[in-house]
Amino acid sequence: MKHTLILTGLLVAAMTLQSTAFELPKPRKFTLGNGLTVYHLPQQDLPLVSFRLIIPGAGNCSTSPDQEGLADLTAELLMKGTKTRSAAEVAEASDFIGAELVSRARAEYAEMGGGALSENFPALLELAAECLLQPAFAAGEVELEKGVRIDDLLAIKDEPQSAVRYYFQKSWFGSHPLGLLSIGSERSLTAVTPAVVEGYYRAHYHPDAAVLAVVGDIQPAELKALVNKHLGGWKKGRAAARAAALPTLAPGKSRYLLIDKPDATQAYFILGAPGLPMGDAQNPEASVMNTLFGGRFTSWLVTELRVKRGLTYGARSTMQSWNNLGLYSISSYTRNEKIGEMLQVTFDLINKARQEGFSEEEITSGRNYILGQFPPSLESQAARAGAYTDLHYYGLGGDYYTRYLQSIAAAEPARVKAMAQKLMPADAVVLVVVGKAAEIRDQLEKFASFEVRSIEEPGF
């Protein structure tokens, strides 16, 4: 038995050493004359190539409140026809070469990505460039996509799990740019015309600050020639504003919101508090804390709410980070009649984490979990392409992941406890609950005074 324990300890130590020594392969880098930055990692283990392109300043935060949803709508419409191909023909061209090609807007940037067999990657890049540089924004496609989004907005009111996310986003961020919904609002979507989309596209889609990462089975000379051929003509414009220009979000007063859905059989909640910005030095300790609290199946939250009490099938805590601010949130759902018990358990766990912290054994477990799970998450071509673009955009440096894992391995109970106190404060929180008010209002009164709104009200 003694020898077994020694061997186990040595294996854990070896795994930890191996994980902390992880280094993301260093890519080649070149820049086009129009400012487009390109990263390339040759990888010949599989006959596949993946790419990711991000355009800073073209994300959801780049729109004004009256243009809510325009960024994501524009990104989606890039795939809905070009000057020479209809939407159906774009889809057929992608299918013919067995490729994946998608375009969407995130908070801080728009992105395009995809992948194909290496022999078909030249055709994929040509198609992607055509969609990016020659979008048609045909009136019929604009109206069709607007209609889909308006229908989706209406459907949200029938889906408490979706409604709670949207109401929370609006409640937490308020008038901050991150409070703008990617899907838009009925009012903003109604005002969109092809000319509006075209105007937004011309103002925000420039290569000056754009970043392209390509990973896979393609030689450097071939890639450089392809990129110059298809993207070298992308006209340089005024450099897009980086999301670092986003305003900070000062902690406000706690807000408690109950959204009444009279026909709901289950109640959903999200509890949020200020998080950490991307690249914050305290992020490793925060990652360990989050893993232990609600970030894995054996976390405190899942163990208490699902395993021990059978209140739910899903409970989690998450961290979201942007250039200069972050969000920490806890969420779950249960039967209407059990929401009071669920929230009480959640608050008790928060108080325990704040007051007692986590044991040395738990910290070791959390560290080892992250050290074991993180490196494999960056093994795929798509994941590496995403990593290279994000590292560049956020200015984190090529060795960021190595430094991150080294800090994970060094995380100590006192610092992890401090993160619990920081990310789960006693005030400056927002709690949104969606459910049948007639059944859950009395259960919520013991926690706070809740503002009650109908799910039919125009909250978003």
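For the chain, what is the calculated [θ] at 222 nm in deg cm²/dmol (nearest 500), taking -39500 (n - 2.57) for each run of four or more DSSP H residues and dividing by its residue count?
When only DSSP H runs of four or more count, the value is -13000 deg cm²/dmol.
Label-to-label distance, Glu439 versus Ala21, with points set 7 angstrom from Cα along the beta-carbon direction: 5.6 nm. Roughly how far apart, in whole Å, are the Cα centres of the range 28-78 and the range 171-233? For the range 28-78 versus the range 171-233, the Cα centre distance is 6 Å.
Where both bridge residues fall in the range 255-454, DSSP classifies roughly 70% of the beta bridges as antiparallel. Extension gain, Ser175 to Glu100, is 23.4 nm, computed as 0.36 nm per intervening residue step minus the present C-alpha separation. Gain on full extension, evaluated as 0.36 nm per residue between Tyr313 and Arg453 minus their Cα-Cα distance, stands at 47.7 nm. Among the listed pairs Lys83/Lys236; Lys26/Lys422; Lys170/Lys446; Lys308/Lys422, those with a Cα-Cα distance over 29 Å are Lys26/Lys422. For the range 97-181, the square roots of the Cα gyration tensor eigenvalues, ordered a ≥ b ≥ c, give a/c of at least 1.5 with a/b greater than b/c, which places it in the prolate category. DSSP beta bridges fully contained in the chain are about 75 percent antiparallel. Loop-located trypsin sites (Lys or Arg not before Pro) in the range 52-104 (DSSP state not H, G, I, E or B) with no more than 14 neighbouring Cβ atoms inside 10 Å: Lys83. Quick check: from the Cα gyration tensor, does the range 28-240 come out rounded (a/c under 1.5), prolate or oblate? Prolate. If exposed GluC sites (Glu not before Pro) are those in a DSSP loop with at most 14 other Cβ within 10 Å, what is the longest stretch of the chain that has none? Maximal segment without exposed cleavage sites: 24-355.
Quick note: the coordinates plus some simple rules give every number you see, no bench work behind them. These numbers come from a predicted model, not from an experiment. So basically every Cβ, Gly included, is an ideal-geometry build from the backbone, and we count neighbours across all protein chains shown.
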